[in-house]
1. Restrict the search to the range 220-262; then list the trypsin sites (Lys or Arg not before Pro) that DSSP places in a loop and that have at most 16 other Cβ atoms within 10 Å of their Cβ.
2. For the range 211-354, with all protein chains present and a 1.4 Å probe, just round the carbon and sulfur fraction of the accessible area to a whole percent.
3. Could you tally the net charge around M89, taking each other residue with its Cβ under 15 Å from the Cβ of M89, Lys/Arg +1 and Asp/Glu -1?
4. Just to confirm my numbers, what's the Cα centroid distance between the range 387-408 and the range 196-210 in Å?
5. Rg/Rh for the range 133-203: what does it come to with C-alpha atoms and Rh from Kirkwood?
6. Using only the heavy atoms of the protein chains and a 1.4 Å probe, how would I212, I388, I335 rank by accessible area, largest first?
7. Give me the one-decimal nm value for the distance between modelled label points at Y414 and D402, 7 Å along each residue's Cα-to-Cβ direction.
8. At 7 Å along the Cα-to-beta-carbon direction for both R112 and A150, put a label point, then send me their distance in nm to one decimal.
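The values are calculated or read from the model by the stated rules, or taken from the named source; none is laboratory data. The shown structure was predicted, so the numbers you read here are calculated from the model rather than taken from an experiment. Every residue, glycine among them, receives a Cβ derived from its backbone with ideal geometry; neighbour counts consider all protein chains shown. Remember, those area values only see protein heavy atoms, side chains included, never the ligands or the DNA or RNA. Shrake-Rupley method; radii C 1.70, N 1.55, O 1.52, S 1.80 Å.
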Amino acid sequence: MITRRNFFMNAGAVALSAAAVSRVGAASLPEAVSMAGADTKAPPPPPNGRPYNPVVTLNGWSLPWRMNNNVKEFHLVAEPVVRELAPGMMANLWGYNGQSPGPTIEVVEGDRVRIFVTNKLPEHTSVHWHGQRLPNGMDGVTGLTQPGIAPGKTFVYEFVAKRPGTFMYHPHADEMTQMAMGMMGFWVTHPKDPNFMKVDRDFVFLLSNYDIDPGSYTPKIMTMTDFNLFTFNSRVFPGIDPMVVRQGDKVRVRVGNLTMTNHPIHMHGHEFEVTGTDGGWTRPESRWPEVTTDVAVGQMRAVEFTATDLGDWAFHCHKSHHTMNAMGHDVPTMIGVDHQGVAAKINQLVPGYMVMGERGMADMGDMQMPIPDNTLPMMAGDGPFGAIGMGGMFTTVKVRKDQKPGDYRDPGWYKHPAGSVAYEWTGALPEPVRGQGVGKLPAKGGVEMTVRKPGGHSGH
């Protein structure tokens, strides 16, 4: 018979009750650092421990630690948070240390790590260290490897970071709710040799998706596929910061996917190679040049490129509806529909009615019509040449010649050299040449077709 006492004794994650914490003393817990803003925080050098080259969390930050007898101690707090998805829209999410996603945890291969996890949620939770090699009792699966962390309790996870690479953390408790509410974070274990796989700039971010009705604040957790907001680190364009690099930099971008679908991540203007997965670094002979890599659910992909060409290069998911905000999925297609005369009659019944969609949806990017509180236009963002007309999983890689090392501030829009921008042709247009010969349809009459309905199911 498995008793509660035996369960706690055999589980790797150790529970600390409020009484236990008070006996040891509050100083036994590392400070629970919190962050409210959504700006990208430039990474500070490691204050102690072994050296490494820190990552830059897009619209996020890395969690500080303290050293305690050669153990790196972190303190995660699972709690409700309010996250700005983009200016004009806030979301009630669950996350860690004031944000969703939670802060990135950075350690070095071989570090002994101790993570205190305090639960301020209304239900039990746990933390699974996705992709890590560790003792089974530290794996964070509620009911299987540990009891759930009850509200108000603190658990301790402790293990050695054995394998360098890029990992994620998330609950393995009521996952449908807790991950749909934004509970996730990145973990990077740097190689013990800081020159191994060294790059000049190293970006990380997580993919997540939400279904939040216009005018509301809390995601619908029962949605399985029909989401209306697709995010980089719980931000949507135009709220996602650019990835700013210096010309000639070797750049790595690590993308983790904890959404409900795959995402083909595409970069303009450069080729890259996939150099890492959540299973480890890829062998050099296994790599090939790409401009798009598909990141499946539960996967991480690290891509690397050399920033050779100056400019503002788009970086986005190539599923077109993932680069839009607050989509209405039941809107009928109106392309080619003649609204002439109808709009005036509808306006008599519905004052302020606007005709849209008969020429496509691009007009919506320019319309400044009122929208419900706490939502975003479907297509947004202004660039140097007008409306960008994007949303969701879209940002830019800004390559500049004079960007100083370690400077991640937005340099503004790229100033194109004279003669290097597409322009309008104002000369005469030649008459189109009509096709002749094979494939030409008869000028008069029709095409006779014979259709035979199959009599059975053979050959299916």
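1. Qualifying residues, ordered by number: K220.
2. That fraction is 56 percent.
3. Spelling it out: positives minus negatives among the neighbours equals -2.
4. Measuring centre to centre over Cα atoms gives 14 Å.
5. The Rg/Rh ratio comes out at 1.05.
6. If we order I212, I388, I335 from most to least accessible, we get I335, I388, I212.
7. Computed distance between label sites Y414 and D402 equals 1.7 nm.
8. Once both label points are built, they end up 3.0 nm from each other.
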